[in-house]
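Q: Sharing a structure with you now.
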Amino acid sequence: MQLTETSYTDDDFADVDLSGEALEGITFTDCDFTDAALVDARTRRVTFERCRFVGTELYGSSHQASSFLSCTFERAAWHDAALTGCRLIGSSFTDCRLVPLTIRDCDLTLVSLAGANLAGTDLSGLRMREANLVGANLAGCDLRGADLTGARSARLDLTGADLRGARLDAAAYVGAVLRGAVVEIDQAVHFAAAHGLLLGPEDQPS
């Protein structure tokens, strides 16, 4: 399909094949991409706002400085995709295939990844403030320098994750599974405090 406009609103792109297409500087608002194919598609400075991606094939696609704002992804295939400098603010992912996924310098504020599997993914430096991570699998993830403040983290699996420099609320230290996670000393202190432990004075030599 050849896209000739720079802006689309309330358009129906269901079942459309955009595989391999290079999209740049286009805005899609309230558009429906149900069962569409964007396999190996490339976007640059493209904005998708309140768009629906149900059963959409996005695997192998790459996105640079693009935005997915308050979009809905259900059973969408994202594996082998790459996102660089993108905004996914307020979007939700349900029953999506997300790994392997390359994601760099992206803003995932208010994103819903409840129950999602991103195990082993490099999420370092990402902004994930107030994200819904309830029941998500982030085991073995690189989360160094990531900002997870305000994130909902009940039953979040952080087994073996690298959390050095990550920003976490007390709720994450209590509600998440942190077995084998790598942390810094100050984070270990916060973990202890979240569990009600008190740091006593060091023994003084006699």
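Q: Amide H of residue 101: which non-local residues (sequence gap of 5 or more, or other chain) have their own amide H closer than 5 Å, using H built in the peptide plane?
A: Residues meeting the criterion, in which the H sits 1.01 Å from N, are 80.
Q: Quick one: go through the range 106-122 and flag any residue whose amide nitrogen is under 14 Å from the point 7 Å out along the Cα-to-Cβ line of residue 79.
A: 117-119
Q: Using θ = phi - 60° and the Karplus curve 6.51 cos²θ - 1.76 cosθ + 1.60, what whole-Hz ³J(HN,Hα) does each residue of the range 158-163 get, with Gly and Pro shown as x?
A: 10, 4, x, 6, 9, 10
Q: Given a Förster radius of 30 Å and the C-beta distance between residue 194 and residue 102 as r, what FRET efficiency does 1/(1 + (r/R0)^6) yield to the nearest 0.05?
A: That gives a FRET efficiency of 0.40.
Q: Under the rule of -39500 (n - 2.57) per DSSP H run of 4 or more residues, summed and divided by the residues of the chain, what mean residue ellipticity at 222 nm is obtained, to the nearest 500 deg cm²/dmol?
A: Rounded to the nearest 500, the figure is -2000 deg cm²/dmol.
Q: Test of understanding: what is the full-extension gain from residue 10 to residue 185, defined as 0.36 nm times their sequence separation minus their Cα-Cα distance?
A: The residue 10-residue 185 span can extend by a further 57.9 nm.
Q: Given 93, 51, 62, which one lies farthest toward the positive end of the charge dipole of the chain, if we put +1 on the Cβ of every Lys and Arg and -1 on the Cβ of every Asp and Glu?
A: Checked the options; the winner is 93.
Q: In square angstrom, what is the accessible area per residue of the range 1-160 with a 1.4 angstrom probe?
A: Heavy-atom accessible area per residue stands at 43 Å².
Q: Relative contact order for the range 85-206: what is it in percent, counting Cα pairs under 8 Å that are at least 6 residues apart?
A: 16
Q: In percent, what relative contact order does the chain have, based on Cα pairs under 8 Å that are 6 or more apart in sequence?
A: Worked out over the chain, it gives 10 percent.
Q: Also: Just the number, please: carbon plus sulfur as a percent of the accessible area of the range 1-152, 1.4 Å probe, no ligands or DNA/RNA counted.
A: 40
Q: If I model the chain as equal point scatterers sitting on the Cα atoms and use the Debye formula, what is log10 I(q)/I(0) at q = 0.10, 0.16, 0.19 Å⁻¹?
A: Each listed q maps to, in turn, -0.45, -0.97, -1.26.
Q: What is the set of long-range amide H partners of residue 47 at a cut-off below 5 Å, with H atoms built 1.01 Å from backbone N?
A: Counting only residues 5 or more places away or on other chains, the set is 26, 27, 28, 67.
Q: Please work out the C-alpha center-to-center distance from the range 1-60 to the range 104-165 and express it in whole Å.
A: The two parts, judged by their Cα centres, are 26 Å apart.
Q: Sticking with this one: Helix 185-194 sits at what angle to the longest principal axis of the chain, using alpha carbons and giving 0 to 90 degrees rounded to 10?
A: Its long axis makes an angle of about 80 degrees.
Q: To continue, here is another question. Taking a ≥ b ≥ c as the square roots of the eigenvalues of the Cα gyration tensor of the range 1-117, is the shape rounded (a/c under 1.5), prolate (a/b larger than b/c) or oblate?
A: Rounded, because the longest to shortest axis ratio a/c is under 1.5.
Q: If you place +1 on the Cβ of every Lys and Arg, -1 on the Cβ of every Asp and Glu, and leave all else neutral, what size is the dipole of the chain about its Cα centre, to the nearest 20 Debye?
A: Here the chain has a charge dipole of around 580 debye.
The values are calculated or read from the model by the stated rules, or taken from the named source; none is laboratory data. Predicted, not measured: the structure shown is a model, and the values here were computed from it. As a convention, Cβ positions derive from the backbone with ideal geometry for all residues, glycine included, and neighbour counts pool all protein chains shown. To get the accessible areas, we keep the full protein, side chains included, count just its heavy atoms, and leave off ligands, DNA and RNA. Shrake-Rupley method; radii C 1.70, N 1.55, O 1.52, S 1.80 Å.
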